[in-house]
Amino acid sequence: MLIGILETGLAPEALRERSGSYPDMFARLLGPYDFEFRTWSVVQMRFPDSVFDAEGWLITGSRHGAYEDLPFIRPLEALIRRAVEEAIPVVGICFGHQIVARALGGRVEKFDGGWAVGPQAYDFGGETLTLNAWHQDQVIEPPAEAEIIATHPFCPYAGLRYGDRALTVQAHPEFDDGFLEGLIEARGRGLVPDDRLEAALDRLGRKNDADVIAARIAQFFLQPRSSAAA
């Protein structure tokens with residue numbers, strides 16, 4: 001199965017030698033599964049010619065806001081809506097989680113409670129999974145058709161599912177602890193309050209459930225699905 005990775009942001013250059021790009025991180029995360037990958041850097045206005053150029057779409061994180069008036073936002077929202085109409089599965093992570101919600105009628109804002117950084121314990125329907133986070137923006141109002149699949153006291157809409165068409169999570173299963181530590185130093189200082197950064201650093205090294213989310217993403221991509229809308 002060919003997964004098209006839609007790169008919506010660029011990893012800090014200083015961290016790429018160790019960790020690679022965001023698409024590289026997703027290729028590693030989903031490495032145990034039988035997928036092929038191709039990347040389109042939509043943040044650089046490199047879009048696929050057709051929604052049918054891949055059999056599934058994965059939307060990465062980004063330092064940009066899903067509500068910003070940037071050149072790639074509206075074309076990306078249109079692609080998401082078309083994929084949903086055509087029953088081509090979409091997975092969104094962090095910014096991807098937010099832009100799917102916006103494209104389908106939800107609302108995203110900069111959260112006045114500040115940043116979530118580092119390992120966070122999310123409630124997935126009674127199952128606690130710990131995943132790395134890096135965000136201030138979040139979904140404030142999900143689309144009407146969205147099912148809430150994960151919550152957190154800081155982020156009530158931490159995971160959403162849209163039937164068999166889209167699956168999105170606010171956390172970053174693709175971020176390992178080494179990358180997150182580097183991100184704190186490369187982008188966090190002066191942006192995120194120091195107490196939150198230090199608390200995040202203290203929590204690094206604990207059990208992380210990224211492999212559980214990777215398995216669910218793979219299962220979602222591979223499951224049989226209903227026909228495209230008429």
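Just so you know, all these numbers are worked out from the coordinates, no wet-lab data involved. Model, not experiment: these values are computed from the prediction. Cβ atoms come from the backbone with ideal geometry, glycine included; neighbour counts cover every protein chain shown.
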Worksheet item: Can you give the extra length, in nm with one decimal, that the chain gains between Arg74 and Arg16 once fully stretched, where that is 0.36 nm per residue apart less the Cα-Cα distance?
Response: 18.1 nm
Practice prompt. Given the options Leu29, Leu191, Leu15, state which has the largest fluctuation in a GNM of the chain using a 10 Å cut-off (strictly under) for Cα springs.
Written response: Leu191
Practice prompt. Please go through the stretch 1-57 and write out the chymotrypsin sites (Phe, Trp or Tyr not before Pro) that DSSP classes as loop and that have at most 16 other C-beta atoms within 10 Å.
Written response: Tyr33
Worksheet item: If all Cα-Cα distances of the chain are sorted into 10 Å bins from 0 onward, what percent lands in each bin, rounded to whole numbers?
Response: 8, 36, 40, 15, 1, 0
Response to the item:
With a Förster distance of 45 angstrom and the Cβ-Cβ distance between Leu191 and Phe52, calculated FRET efficiency to the nearest 0.05 equals 0.70
Practice prompt. Indicate, rounded to the nearest 5 percent, the antiparallel portion of the DSSP beta bridges found entirely in the stretch 2-222.
Written response: 55 percent
Item to complete: Report the residue, chosen from Pro193, Pro143, Pro156, that carries the largest GNM mean-square fluctuation when the chain is represented by alpha-carbon nodes joined by springs under 10 Å.
Response: Pro193
Worksheet entry | the chain: most fluctuating residue of Glu109, Glu17, Glu181 per GNM, C-alpha cutoff 10 Å | Glu17
